[in-house]
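The values are calculated or read from the model by the stated rules, or taken from the named source; none is laboratory data. As the structure is a computational prediction, the values presented were derived from the model and not from experiment. Quick reminder, even Gly has a Cβ in these numbers, built from the backbone with ideal geometry, and neighbours come from all protein chains shown. Surface areas here come from the heavy atoms of the whole protein model, side chains and all, with no ligands, DNA or RNA. Shrake-Rupley method; radii C 1.70, N 1.55, O 1.52, S 1.80 Å.
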Amino acid sequence: MKSNNNPKGLSRVDGRRKVTGTAWYSADYKPAGMVYAVLAGSTIAKGTLLSVDTKAAEQAPGVLAVITHFNCPAIPGYQLEAGKKEPEKGTYKFFYNNRILFYGQPVAVVVANSFERALYASSLIKATYKAGEHQTSLRDNFGKAFPPNGTGLTTRGTDDAWKTAAYKIEQEYVIPSEVHNPMELHGIIAQWDAPDKLTVWDKTQGVKDTQDELAGIFKLPKENIQVNSEFVGGAFGSALQVWQHEVAAIIAAKVVKKPVKLVLARDDMFTSVGYRPHTWQKIGIGADENGKLVGITHEAIGQTSTYEDFDEGPVGVSRSMYACSNVTTRYKIAALDVGSPTWMRGPGEATGTFALESALDELSYLLHTDPIDLRIKNYAETDPESGKPFSSKFLKDAYQMGADHIGWHERNQQPGATIQDGWLTGYGVSGGIFGAYRDHASVKAVMSSDGKLTLSCSVSDIGPGTSTMMASVAAEVMGIPAQNIIVKLGDSSLPYAPQQGGSSITATVGSAVNDACANLKEKFQQLAGNGGSDHPDYAQILKDHKLLQLDTAIESKGGPEGDKYAMYSWSVHFVKVKVHPTTGVVKMDRVVCVADCGHIVSPKTARSQIIGGAIMGIGMALMEDTVIDHRYGKIVNNNFADYHVPVNADIPQIEALFVNKPDPYINSMGAKGMGEIALIGMAAAVSNAVYNATGKRVRELPVTPDKLLQSDLVEAHSS
Ligand code: MOS
């Protein structure tokens, strides 16, 4: 497949709208009569809500309603079955009882005729509590941890076989909680069109899923709920489920009988829409004298909330990444008095890979082996976990491409021994793995007599460039310029698509576009007769047959190959860092990321996707750290002044390379996912490079200067 006459691929089809402010995000709409809601949060982490004094707020200017647990209309889907005191474990249920489960949990929703008035009135809310003794420290609660779903422990081969190896290391690795923090705040506008009909403009990664969830929460027929989410300014997993603020806005709209807009403030984004869970891990890994892995044991304990058993699955990577007969994994979660974690880009694989790929790096120094050689020695030619052949795997090509581009031969295996311009300099590498998924989706394709093709699919585009990908695929199949293609998405009345998650959308919706366009083209060729031209003149054919348009709607799904093959995407990240010897400041010098994710359908947006993931990985490695003051159970750095993410000045040139060899089985385009592998492994590559530069190993992210300067303390703390 060519890329529509442009070797670099199509520019974002919605790029002009995004940069000129004419792309409307959920909170940009203004239905007639719209009013504003603001949440007031609890100031304790655990206990019982005794009362909420709403009087002052109610009397404040412009206030239309103050809703609390005590006056909230019943939410049909949250009612407990007779005789039950507690709801089933799961996502937080808004205002269903008087229990406080985490700091910042809403205790009131204030609705007013302006945002400022709602915000002011929310400051007048006074709640009283009977506080309980909260637990918000993961380390203090290791003893309470339990295996999620009872499936925490599994062994392939011999238990803890690494202990018998000639060369072995055992180390602990810790990641803090990290918050998605997309640029666009989570927001919703809720409008009741009738007592049983609802329209929402909502930030979501899947309008159909949101429609389903809202149907369950409000006990409405699905078709009575319209969900719009045409533009989404990033989400990374935070918009994969309906959260409490969405329910709050919908209830508020019911109470005031007007459309209600509720946008979370940045500090709410730290407590109300999930995060990557703070996780402790321990790896035992051993190899024989030739560097062949003898065994891996990967343990993890992650935090969850008291009301949901969130299972991030961080240890799975150690079961599939390398050829190793003996792998033991143990995973537990500890329930704390915090809001629930959720999926965050790369989810468990990103967490687990930091530990595994750091440990492998440590092993390479013990063996005096180049870390790439060590990986190639243990290259898995078939999936070690399922025994199935891979549908495609070109990771060796990726190692080679990346090593060539970054100049890996210049790396000094001796750590802490290279100084350039007064900075300690080092190189690091890490691999990444993520399942390549293909779900089912439907696309409608309509060719009209003016030669314009309209593609419709309900899928959300949270930023990777889904509409551009769809236009690229269609332009290729139809043989028409992308300017003649209109993409409609992010609307629950359009044909089915799954959530934009799990790096599956190009493989899923791209395939549906591919199939719909192939089918439509064939219809034209049949209409034209004589077998038809390879390049039909669609407008002429419609004119010849006195037709205004021709359309097709296709459902597309994976075949039996999905069961026969193990399908994965792979990445490898190469990093060069400079570390200042007296201040411990880490400067990213170069980054080369190589993705093996099949055929690249949309080169420009693919490149951006990889660069974005690498930047997020740099944040994970060097900056991001959610800090709880355990005296109060409160997140104290809940803002962008104190919670650091990379800015332009932190980011070097990042080269994104693609093996670009099609997968023969996942779909007819040969395209696999890349959103998660862009991040997975990046943090380990950075910290491995820091070790190579300094000889100091920081095993607790983020790698901040204080830890490098006090590395003796860090060593003592981690072992
Ligand atoms: Mo992703 S964590 O599947 O949005």
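What number of residues within the range 483-506 satisfy the criterion of being near the ligand (Cβ under 10 Å from one of its atoms) and under 18 Å from E213 (Cα atoms)?
So the count comes out to 3.
Pairs, please: C-beta under 6 Å, at least 6 apart or cross-chain, first residue touching a residue at least 12 places away in the same chain (Cβ under 8 Å) and in the range 222-237, second among the small types (G, A, S) and within 16 Å of the ligand (Cβ to nearest atom)?
S229/S460; S229/G490; E230/G490; V232/S460; G234/G463
Restricted to the range 116-126, and to residues that are among the aliphatic types (A, V, I, L, M) and open to solvent by 30 Å² or more (accessible area, probe 1.4 Å), which residue is nearest to I44 (Cα to Cα)? Full working, then the answer.
The initial filter retains those residues of the range 116-126 that are among the aliphatic types (A, V, I, L, M), namely 118-119, 121, 124-125.
With the extra rule that they be open to solvent by 30 Å² or more (accessible area, probe 1.4 Å), the set shrinks to 119, 124.
Values: L119: 20, L124: 17 Å.
Step by step, filter the range 116-126, then rank; the result is L124.
Have a look at N98, N113 and point out the one that is modelled with pLDDT of 95 or more and open to solvent by 50 Å² or more (accessible area, probe 1.4 Å). First the steps, then the outcome.
Details: N98 fails: modelled with pLDDT of 95 or more.
The unique qualifying residue is N113.
Residue-by-condition table, conditions (1) in contact with a Cys (Cβ under 8 Å, 6 or more places away or on another chain); (2) open to solvent by 30 Å² or more (accessible area, probe 1.4 Å); (3) at pLDDT 95 or above; (4) closer than 23 Å to H535 by Cβ:
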| position | (1), (2), (3), (4) |
| --- | --- |
| A475 | no, no, yes, yes |
| G479 | no, yes, yes, yes |
| S493 | no, yes, yes, no |
| A497 | yes, no, yes, no |
| I505 | no, no, yes, no |
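If a residue counts only when it is of a type outside the set (D, E), which helices (runs of 4 or more DSSP H) contained entirely in the range 517-636 have at least 3 such residues? Lay out the reasoning, then the answer.
Numbers: elements: 538-544, 561-564, 603-622.
Fully inside the range 517-636 and qualifying: 538-544, 603-622.
Can you tell me which residue among P314, P347 is under 20 Å from R699 (Cα atoms) and either free of Cβ contacts under 8 Å to residues at least 12 places away in the same chain or open to solvent by 10 Å² or more (accessible area, probe 1.4 Å) (or both)?
Details: P314 fails: either free of Cβ contacts under 8 Å to residues at least 12 places away in the same chain or open to solvent by 10 Å² or more (accessible area, probe 1.4 Å) (or both).
Step by step, each of P314, P347 is checked, and only P347 is under 20 Å from R699 (Cα atoms) and either free of Cβ contacts under 8 Å to residues at least 12 places away in the same chain or open to solvent by 10 Å² or more (accessible area, probe 1.4 Å) (or both).
Is it the case, given these coordinates, that A553 is closer than 30 Å to G387 by Cβ, modelled with pLDDT of 95 or more, in contact with a strand residue (DSSP E or B) (Cβ under 6 Å, 6 or more places away or on another chain) and more than 16 Å from the ligand (Cβ to nearest atom)? It would help to see each step written out before you state the result.
Numbers: closer than 30 Å to G387 by Cβ: no; modelled with pLDDT of 95 or more: yes; in contact with a strand residue (DSSP E or B) (Cβ under 6 Å, 6 or more places away or on another chain): yes; more than 16 Å from the ligand (Cβ to nearest atom): yes.
For A553, the condition - closer than 30 Å to G387 by Cβ, modelled with pLDDT of 95 or more, in contact with a strand residue (DSSP E or B) (Cβ under 6 Å, 6 or more places away or on another chain) and more than 16 Å from the ligand (Cβ to nearest atom) - is not met.
For the range 231-238, indicate whether the set of residues that are farther than 23 Å from N639 by Cβ, at pLDDT 95 or above and surrounded by fewer than 24 Cβ atoms within 10 Å (Cβ to Cβ) is non-empty. Show your work before the answer.
Going through the range 231-238, the residues farther than 23 Å from N639 by Cβ turn out to be 231.
If we keep only those that are at pLDDT 95 or above as well, we get 231.
Among the residues that remain, those that are also surrounded by fewer than 24 Cβ atoms within 10 Å (Cβ to Cβ) are: 231.
Yes, because at least one residue in the range 231-238 is farther than 23 Å from N639 by Cβ, at pLDDT 95 or above and surrounded by fewer than 24 Cβ atoms within 10 Å (Cβ to Cβ).
Within the range 582-608, count every residue that is touching a residue at least 24 places away in the same chain (Cβ under 8 Å) and either of a type in the set (D, E, K, R) or within 29 Å of T425 (Cβ to Cβ) (or both).
First, pick out the residues of the range 582-608 that are touching a residue at least 24 places away in the same chain (Cβ under 8 Å): 583-608.
From what's left, either of a type in the set (D, E, K, R) or within 29 Å of T425 (Cβ to Cβ) (or both): 583-596, 604, 607-608.
Of the residues in the range 582-608, 17 are touching a residue at least 24 places away in the same chain (Cβ under 8 Å) and either of a type in the set (D, E, K, R) or within 29 Å of T425 (Cβ to Cβ) (or both).
Just a yes or no: is a residue in the range 215-230 buried (at least 24 other Cβ atoms within 10 Å of the Cβ) and in a loop (DSSP other than H, G, I, E, B)?
Yes, because at least one residue in the range 215-230 is buried (at least 24 other Cβ atoms within 10 Å of the Cβ) and in a loop (DSSP other than H, G, I, E, B).
Give me the residue from the range 349-369 that is acidic (D, E) and touching a helix residue (DSSP H, G or I) at 6+ places or on another chain (Cβ under 7 Å) and, out of that set, farthest from G286 (Cα to Cα). Before you say what the answer is, go through the steps one by one.
Of the residues in the range 349-369, the ones acidic (D, E) are 349, 357, 361-362.
Then drop every residue that is not touching a helix residue (DSSP H, G or I) at 6+ places or on another chain (Cβ under 7 Å), which leaves 349, 357, 361.
Details: E349: 21, E357: 13, D361: 12 Å.
Going through the qualifying residues, I end up with E349.
Which of the residues belonging to the range 161-195 are within 20 Å of K282 (Cβ to Cβ) and β-branched (V, I, T)?
If the condition is that a residue be within 20 Å of K282 (Cβ to Cβ) and β-branched (V, I, T), then T164, I169, V174, I175 are the ones that fit.
Do we have any residue at all in the range 259-278 that's away from the ligand (no atom under 16 Å from the Cβ), closer than 26 Å to Q500 by Cβ, hydroxyl-bearing (S, T, Y) and surrounded by 20 or more Cβ atoms within 10 Å (Cβ to Cβ)?
Among the residues of the range 259-278, at least one is away from the ligand (no atom under 16 Å from the Cβ), closer than 26 Å to Q500 by Cβ, hydroxyl-bearing (S, T, Y) and surrounded by 20 or more Cβ atoms within 10 Å (Cβ to Cβ), which makes the answer yes.
Counting only residues that are out of contact with any Asp or Glu (no Cβ under 8 Å at 6 or more places or on another chain) and in contact (Cβ under 8 Å) with a residue 60 or more places away in the chain, which one in the range 636-654 is surrounded by the most Cβ atoms within 10 Å (Cβ to Cβ)?
We begin by selecting, within the range 636-654, every residue out of contact with any Asp or Glu (no Cβ under 8 Å at 6 or more places or on another chain); these are 640-642, 646-651, 653-654.
Then drop every residue that is not in contact (Cβ under 8 Å) with a residue 60 or more places away in the chain, which leaves 640, 650-651, 653-654.
Details: F640: 12, D650: 16, I651: 15, Q653: 10, I654: 20.
Taking the candidates together, the pick is I654.
Considering only residues that are open to solvent by 10 Å² or more (accessible area, probe 1.4 Å), within 16 Å of the ligand (Cβ to nearest atom) and of a type outside the set (A, V, I, L, M), which ones fall in the range 436-473?
Correct list: Y437, R438, D439, G463, P464.
Only one of these is open to solvent by 60 Å² or more (accessible area, probe 1.4 Å) and on the phi < 0 side of the Ramachandran plot: T154, T91. Name it. Reasoning before the result, please.
Numbers: T91 fails: open to solvent by 60 Å² or more (accessible area, probe 1.4 Å).
On inspection, the qualifying residue turns out to be T154.
Need pairs with beta-carbon distance below 7 Å; first residue away from the ligand (no atom under 16 Å from the Cβ) and within the range 238-255, second part of a loop (DSSP other than H, G, I, E, B) and among the hydrophobic types (A, V, I, L, M, F, W, C); sequence gap 6+ or separate chains.
Filtered contacts from the range 238-255: Q244/F94; H245/L264; V247/I75; V247/F94; A248/F94; I251/C72; I251/I75.
Considering only residues that are open to solvent by less than 60 Å² (accessible area, probe 1.4 Å) and in contact with a helix residue (DSSP H, G or I) (Cβ under 9 Å, 6 or more places away or on another chain), look in the range 390-411 and name the one that is nearest to D563 (Cα to Cα). Write out each step before concluding.
We begin by selecting, within the range 390-411, every residue open to solvent by less than 60 Å² (accessible area, probe 1.4 Å); these are 390-395, 397-399, 401-403, 406-408, 411.
Of the ones still in play, those that are also in contact with a helix residue (DSSP H, G or I) (Cβ under 9 Å, 6 or more places away or on another chain) are 391, 395, 399, 402-403, 408, 411.
Numbers: S391: 10, L395: 22, Y399: 28, G402: 31, A403: 34, W408: 38, R411: 42 Å.
Going through the qualifying residues, I end up with S391.
Out of the range 655-689, which residues are open to solvent by less than 10 Å² (accessible area, probe 1.4 Å), touching a helix residue (DSSP H, G or I) at 6+ places or on another chain (Cβ under 7 Å) and not in a loop (DSSP other than H, G, I, E, B)?
A671, M682, A683, A684, V686, S687, N688
Which of the residues spanning the range 173-214 are closer than 22 Å to V459 by Cβ, among the acidic types (D, E) and either open to solvent by 20 Å² or more (accessible area, probe 1.4 Å) or in a loop (DSSP other than H, G, I, E, B) (or both)?
Residues satisfying the conditions are E184, D209, D212, E213.
Can you tell me which condition W570 does not meet? The list is (1) within 30 Å of V698 (Cα to Cα); (2) open to solvent by 30 Å² or more (accessible area, probe 1.4 Å), and all the others hold.
All conditions pass for W570, except number (2).
It is to be established whether one or more residues within the range 130-140 are open to solvent by less than 30 Å² (accessible area, probe 1.4 Å), touching a residue at least 24 places away in the same chain (Cβ under 8 Å), out of contact with any helix residue (DSSP H, G or I) (no Cβ under 6 Å at 6 or more places or on another chain) and outside any loop (DSSP other than H, G, I, E, B).
Our first condition is that a residue be open to solvent by less than 30 Å² (accessible area, probe 1.4 Å); within the range 130-140, this holds for 136-138.
Of the ones still in play, those that are also touching a residue at least 24 places away in the same chain (Cβ under 8 Å) are 136-138.
Pick out the ones that are also out of contact with any helix residue (DSSP H, G or I) (no Cβ under 6 Å at 6 or more places or on another chain) and you get 136-138.
Filter once more, so that each one left must be outside any loop (DSSP other than H, G, I, E, B): none.
No; the residues of the range 130-140 include none that is open to solvent by less than 30 Å² (accessible area, probe 1.4 Å), touching a residue at least 24 places away in the same chain (Cβ under 8 Å), out of contact with any helix residue (DSSP H, G or I) (no Cβ under 6 Å at 6 or more places or on another chain) and outside any loop (DSSP other than H, G, I, E, B).
Being out of contact with any helix residue (DSSP H, G or I) (no Cβ under 8 Å at 6 or more places or on another chain) and under 21 Å from D14 (Cα atoms) is the filter here; which residues of the range 204-231 pass it?
Listed by number, the residues that qualify are Q205, G206, V207, E230.
Only one of K30, K8 is at pLDDT below 95 and of a type in the set (D, E, K, R). Can you tell me which? I'd like the intermediate steps shown before the answer.
Values: K30 fails: at pLDDT below 95.
Being at pLDDT below 95 and of a type in the set (D, E, K, R) holds for just one of K30, K8, which is K8.
Filter the range 317-336 for residues that are buried (at least 21 other Cβ atoms within 10 Å of the Cβ) and more than 20 Å from G286 (Cβ to Cβ) and give the result.
Correct list: Y331, I333, A334, L336.
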